[in-house]
1. How much accessible area per residue does segment 5-111 have, in Å², with a 1.4 Å probe?
2. Taking the Cα centre as origin and putting +1 on Lys and Arg beta-carbons and -1 on Asp and Glu beta-carbons, what dipole magnitude results for segment 1-88, to the nearest 20 debye?
3. Just how far, in whole angstrom, is segment 41-103 from segment 133-154 if you go by their alpha carbon centroids?
4. Determine the share of the chain's accessible area contributed by carbon and sulfur atoms, expressed in whole percent, with a 1.4 angstrom probe.
5. Please work out whether segment 118-222 counts as rounded, prolate or oblate from its C-alpha gyration tensor, where a ≥ b ≥ c are the square roots of the eigenvalues and a/c under 1.5 means rounded, while otherwise a/b larger than b/c means prolate and anything else oblate?
6. Among 22, 44, 167, whose Cα sits farthest toward the positive end of the charge dipole of the chain (+1 at Cβ of Lys/Arg, -1 at Cβ of Asp/Glu, about the Cα centre)?
7. Once the Cβ-Cβ distance between residue 39 and residue 78 is put in as r, and R0 is 25 Å, what FRET efficiency do you end up with, to the nearest 0.05?
8. Might you report the magnitude of the Cβ-based charge dipole of the chain about its Cα centre, with Lys and Arg at +1 and Asp and Glu at -1, to the nearest 20 debye?
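The values are calculated or read from the model by the stated rules, or taken from the named source; none is laboratory data. Values in this document were obtained by computation on a predicted structure and should not be read as measured data. As a convention, Cβ positions derive from the backbone with ideal geometry for all residues, glycine included, and neighbour counts pool all protein chains shown. For the accessible areas, the whole protein counts, side chains as well, though only heavy atoms, and no ligand, DNA or RNA atoms are used. Shrake-Rupley method; radii C 1.70, N 1.55, O 1.52, S 1.80 Å.
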Amino acid sequence: MNRITSLYLIPTPIGNLEDMTQRAIRVLKEVDFILSEDTRKTGILLKHFNIRNKLVSHHQFNEHKALASVISRLQSGEVAALVSDAGTPGISDPGFLLVRACIREGMEVETLPGPSAFIPALVNSGIPCDSFLFVGFLPHKKGRQSKLKELSTLPYTLIFYESPFRLSKLITQLIEHVGPDRQASVSRELTKIYEENVRGSLQELSEHFTGRDVKGEIVVIVEGAR
Ligand code: SAM
């Protein structure tokens, strides 16, 4: 471990525990404490990899409040790791506030490479991945339509995170804003036993998913405007 670094961001598997890196395991063992979005889930992960360390709760509902105490611990020389429920912290998960605060305080931050749902979904889609925009979750109600309108003319591949309950609604709204012909891809349950990648035009995806009881975690990739 590099003692100059105060904060490590550690990606964790998005489904398949084999995706945990050796470095992630080592750093989680070596830091002074682990900031965790869900201490119960992280506890299970640590147990699986035989990691014994102190867990401190750090999630979207306390991250503002917890910031000062975490920063003061790091300033006193402790080293922390931040993990989220799954994937890379800071990507549709807590992380940004803490990273920014550490940088402002002149502390070194290091993010390990590792699992994140959008990279395999994007690369696997067959849609250009040289230039893309990570949208993440759209707002559920207010601002959803205006955001879709804003995105509709951009010449970049678009990446959405979406709940299975809203997948059909998203596809319908995408068709309303960009038309039925753009190529798209829906990746479901990546790295898990029932991984599924469905590719086609938005119209074809709409026909595939409408009326289905869709379950699991989902990334939607949509071709950019031409
Ligand atoms: N930090 C995570 C990352 O780096 O991808 C994202 C966390 S966000 C709260 C959770 C969303 O990520 C899910 O709703 C889904 O859109 C996407 N996701 C996470 N795991 C996934 C998987 N195994 N397959 C497909 N999408 C996944």
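1. That works out to 50 Å² for each residue.
2. Values: 11 positive and 9 negative charges, 59 e Å.
The calculated dipole for segment 1-88 is roughly 280 debye.
3. Between the Cα centre of segment 133-154 and that of segment 41-103, the gap is 29 Å.
4. On the way: 6190 of 11830 Å².
Looking at the chain in its full context, I get 52 percent from C and S.
5. rounded
6. 44
7. Numbers: r = 18 Å, r/R0 = 0.72.
It comes to 0.90.
8. Details: 27 positive and 26 negative charges, 112 e Å.
It comes to approximately 540 debye.
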